[in-house]
Amino acid sequence: MTTSEIISETENETKKKQLYIKTYGCQMNVYDSNRMSDILLPLGFEMTEDLEKADMAIYNTCHIREKASEKLYSDLGRVRPHKVKRVARGEDMLIAVAGCTAQAEGAEVMRRAPYVDMVFGPQSYQELPEMVARAMRTKEKREDPLLRGAGVLNVDFPENPKFDTLPEMTNVEGASAFLSIQEGCDKFCHFCVVPYTRGAEYSRPVKDVLKDAKRLIELGVKEVTLLGQNVNAYHGESPDSASKEWGLGRLIQEIAEFDAFEIIRYITSHPRDVTQDLIDAHKDVKKLSPYLHLPVQSGSNRILKAMNRKHDRDFYFKLIDQFREARPDIAFSSDFIVGFPGEDERDHKETLDLIRRVNYAQAYSFKYSRRPGTPAWASEQQVDEGVKGERLAELQALLDEQKMAFNQKCVGQEMDVLFERKARHEGQLSGRSPYMQSVYVQANPRLINTVVPVRIIGCGNNSLTGEVVVLDN
Ligand code: SAH
Ligand code: SF4
Ligand code: F3S
């Protein structure tokens, strides 16, 4: 390469605007952040991980628990001095708050952090180019460049779901990718903000999902995770005349037809939406991971009812049995909330009992957090924070024990692992087991982004170690 070529390349690069994105919350947000960069990169942006260099910073937020929202305000406090510095230098900085907190309390964000230029909810990303242009125009008109807040506030739920108008996916790192097939929720569990922040349940037509699947294959993806707030509520418009709609089980069968996909996963499922089709898929589709995240939240029938989960513990146990029958090596994960309003010691013991009976590979557990606008917020039977803390510790001790026992059971087994990156130790690669544990293996870096059979030879609390079964020639 000649000097002039290097210079012109450097010049080109300096012309690009630097885009910083911070993602909070669930996989839906991870997917959305990637899609936002798909939209913005062709407009002259490139990604940076350095906030100081950012011409635009997007905070893609989560509203699920109080702590998640508070995190945003502390991060915004941290970005403000960067903006002050840049403005003093005569440069510009666009600060955007996207995602579920933006949707739930956009006006409050603008009030608490007036130096934020754009606030928009999860259903409006297709309008990003127009919103960015509008924020820039508003800025030009303001006298104090720091206080140009409220340039854009967009928390509408548009009629056309965002998926229909997003550009083709380009931003995929490595060989594992999310594919969003369903969004929103109509279940209105009494603790949860999601139906308000993401809007009504929507399933993408099968033909659009398959188009994106093919695109992921072009991008070199070998492991696909089908995503949705309640992914098994999926009921996408059928591509053929044999049926009107396809459920998740049928869709998985079709996705499995693509040879390029070696591993298929899906998340998050709701017990009420499990169908025979889905159970059958676990039996018939070998590349479907034998792992199911099936949140139950509580083991007490009284609390399940108060939460509006619309099923009881026996219903859950039956599902677990059916999945185990279909796929004997399947392992389960769940979410638990402790200290939901009205929960007493007996309810808590029932949850511990459910955990013992199911025996989880791992699980997430949280103290109940009061969310404005949800029915449980107003309950007068709020549980004392100290009590919540004690119950959570007891529950997590049991879950940790089960996780460790599960990890130990994996030792000696052979499993397919997609190597994702070099690990910290010299010569080691890391990837995920079918059960989502991190696996560390001494292996040739050429194996990164390939699926390799690995024999598990050791385990810790949070990870496994293994060795490659078939050596690469
Ligand atoms: N759709 C999934 C869960 C989505 S939200 C389901 O129905 O199971 C992810 C998890 O956050 C929930 O499973 C729940 O355990 C937790 N969560 C939601 N709202 C919460 C709240 N107000 N306080 C504490 N945890 C909460
Ligand atoms: Fe929230 Fe319940 Fe919907 Fe899950 S099913 S997203 S917990 S309202
Ligand atoms: Fe959080 Fe919204 Fe996901 S509230 S958990 S980012 S759907």
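Classify the chain from the C-alpha gyration tensor, please: rounded if a/c falls under 1.5, else prolate or oblate depending on whether a/b exceeds b/c.
It is oblate, given that a/c is not under 1.5 and a/b is not larger than b/c.
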Heavy-atom surface of segment 193-283, accessible at 1.4 Å and reported per residue (Å²)
40 Å²
In whole percent, and with a 1.4 Å probe on the protein chains, what portion of the accessible area of the chain is carbon and sulfur?
49 percent
Output needed: Cys residues of the chain lacking any neighbouring Cys C-beta below 4.7 Å, sorted by number.
Cys26, Cys62, Cys100, Cys185, Cys410, Cys459
Student exercise, segment 405-458 dipole from Lys, Arg, Asp, Glu Cβ charges, in Debye to nearest 20:
100 debye
List the lysines whose Cα sits under 24 Å from the Cα of Lys305, skipping any in the same chain fewer than 8 residues away.
Lys187, Lys318, Lys349, Lys367, Lys388
Just the accessible area per residue of segment 298-374, please: how many Å² with a 1.4 Å probe?
43 Å²
How much accessible surface does Cys185 have with a 1.4 Å probe, in Å² rounded to 10?
20 Å²
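Per-residue ellipticity at 222 nm for the chain, helices alone: DSSP H runs ≥ 4 residues times -39500 (n - 2.57), over residue total, nearest 500 deg cm²/dmol?
Helix contribution divided over all residues of the chain: -11500 deg cm²/dmol.
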So which of Lys85/Lys422; Lys22/Lys162; Lys162/Lys244; Lys214/Lys403; Lys244/Lys283 end up more than 26 Å apart by C-alpha?
Lys85/Lys422; Lys214/Lys403
Expressed in square angstrom to the nearest 10, the accessible area of Glu105 with a 1.4 Å probe stands at 50 Å²
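Indicate, rounded to the nearest 5 percent, the antiparallel portion of the DSSP beta bridges found entirely in the chain.
Rounded to the nearest five, the antiparallel share is 35 percent.
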Length gained, Thr170-Glu401, 0.36 nm per residue minus C-alpha separation, equals 79.0 nm
Note on segment 260-378: contact order normalised by length, alpha-carbon pairs under 8 Å, 6 or more apart, percent, works out to 27 percent
Note down the accessible area of Asp277, probe 1.4 Å, to the nearest 10 Å².
70 Å²
Considering only DSSP beta bridges with both partners in segment 15-158, what is the antiparallel share in %, to the nearest 5?
0 percent
At a threshold of 8 angstrom on Cα-Cα distance, excluding pairs fewer than six apart, so keeping six or more, what relative contact order does the chain reach in percent?
9 percent
Tell me, what HN-Hα J-couplings in whole Hz come from the Karplus equation 6.51 cos²θ - 1.76 cosθ + 1.60 at θ = phi - 60° for each residue of segment 414-419, using x for Gly and Pro?
9, 9, 7, 10, 8, 6
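The values are calculated or read from the model by the stated rules, or taken from the named source; none is laboratory data. On a predicted model such as this, the values are computed, not experimentally measured, just so you know. In this analysis, Cβ positions are derived from the backbone assuming ideal geometry, glycine residues included, and neighbour counts consider all displayed protein chains. Quick note on the areas: whole protein, heavy atoms, side chains included, nothing else; ligands and nucleic acids left out. Shrake-Rupley method; radii C 1.70, N 1.55, O 1.52, S 1.80 Å.
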